[in-house]
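A.B. asks: Here it is: the structure, laid out below.
The values are calculated or read from the model by the stated rules, or taken from the named source; none is laboratory data. These numbers come from a predicted model, not from an experiment. FYI the Cβ positions are ideal-geometry reconstructions off the backbone, even for glycines, and counts take in every protein chain you see. Ligands, DNA and RNA are excluded from the accessible area calculation, which covers all protein heavy atoms including side chains. Shrake-Rupley method; radii C 1.70, N 1.55, O 1.52, S 1.80 Å.
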Amino acid sequence: MAIRNIREMGDEVLGKVCKEVTQMTPRTRELIEDMLETMYEANGVGLAAPQVGILKRIVVIDTTGEDPHILINPRIVETSGEQTGQEGCLSVPGKSGVVTRPNYVKAVALDVNMQPIELEGTELLARAICHELDHLDGHLYVEKVEGDLMDVTYDDEEEEEE
Ligand code: NI
């Protein structure tokens with residue numbers, strides 16, 4: 001496993017649409033392991049493959065630090081409610097902004113064995129699912145920020161970033 005370099009806003013790879021994963025390979029398994037390690041090392045709650053420069057539809061999410069979710073070719077199939085709150089992104093370091101997202105999200109995806117799975121979540125998990133899936137279509141949360149992007153102060157450094 002290895003820590004990969006996280007691409008930052010302005011890098012054109014973050015604006016591209018990712019390709020579906022058609023088969024699991026040792027290389028893709030290694031990518032997923034590296035994505036998890038990179039996310040934990042950066043204290044993030046989610047990471048999408050384009051953030052490490054790979055245009056594949058893969059995201060990893062862990063909102064609690066002990067419950068990693070790996071989603072391959074994920075799709076949101078159901079949403080409800082609304083939440084408005086602070087959001088950040090490992091590709092936009094030192095910044096946060098207010099974004100409105102659904103309060104409940106259900107996604108379908110494939111797991112590392114290419115078997116169908118479902119993931120549903122509320123609050124932070126729902127927000128993370130939406131945020132990470134946006135990355136796969138070349139979108140950053142900054143496009144959805146209400147008001148201005150804010151600088152994260154030192155005291156907020158522990159805040160989760162996606
Ligand atoms: Ni992000």
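A.B. asks: Given the rule -39500 (n - 2.57) for each run of at least 4 DSSP H residues, summed and divided by the residues of the chain, what is its mean residue ellipticity at 222 nm, to the nearest 500 deg cm²/dmol?
C.D. replies: -6000 deg cm²/dmol
A.B. asks: If you don't mind, another one. Nearest 5 percent is fine: what portion of the DSSP beta bridges confined to the chain is antiparallel?
C.D. replies: Given both bridge residues lie in the chain, the antiparallel proportion sits at roughly 95 percent.
A.B. asks: Rg (Å, one decimal) plus Dmax (Å, integer) for the alpha carbons of the chain?
C.D. replies: Over the chain's Cα set, Rg and Dmax evaluate to 14.6, 43 Å.
A.B. asks: Okay, moving on. Against the longest principal axis of the chain, how steep is helix 123-136, in degrees 0 to 90 to the nearest 10, with axes from Cα atoms?
C.D. replies: The angle comes out near 70 degrees.
A.B. asks: Moving on. With all protein chains present, how much of the accessible area of the range 12-161 (probe radius 1.4 Å) comes from carbon and sulfur, to the nearest whole percent?
C.D. replies: The computed percentage sits at 45.
A.B. asks: Right, here's the next one. For the range 90-138, just list the percent of Cα-Cα distances falling in each 5 Å bin from zero outward, please.
C.D. replies: P(r) over the range 90-138, rounded to whole percents: 5, 16, 23, 25, 18, 8, 4, 1.
A.B. asks: Further question: Against the longest alpha carbon principal axis of the chain, how many degrees, from 0 to 90 and to the nearest 10, is the axis of helix 26-41 turned?
C.D. replies: Roughly 20 degrees, rounded to the nearest 10.
A.B. asks: Let me ask another. Where Lys and Arg each count +1 and Asp and Glu each count -1, what net charge lies around LEU136 among other residues with Cβ under 11 Å from its Cβ?
C.D. replies: Taking every other residue near LEU136 into account, the sum is +1.
A.B. asks: Now for a different question. Relative contact order for the chain: what percent, with Cα pairs under 8 Å and sequence separation of 6 or more?
C.D. replies: RCO, the chain: 26 percent.
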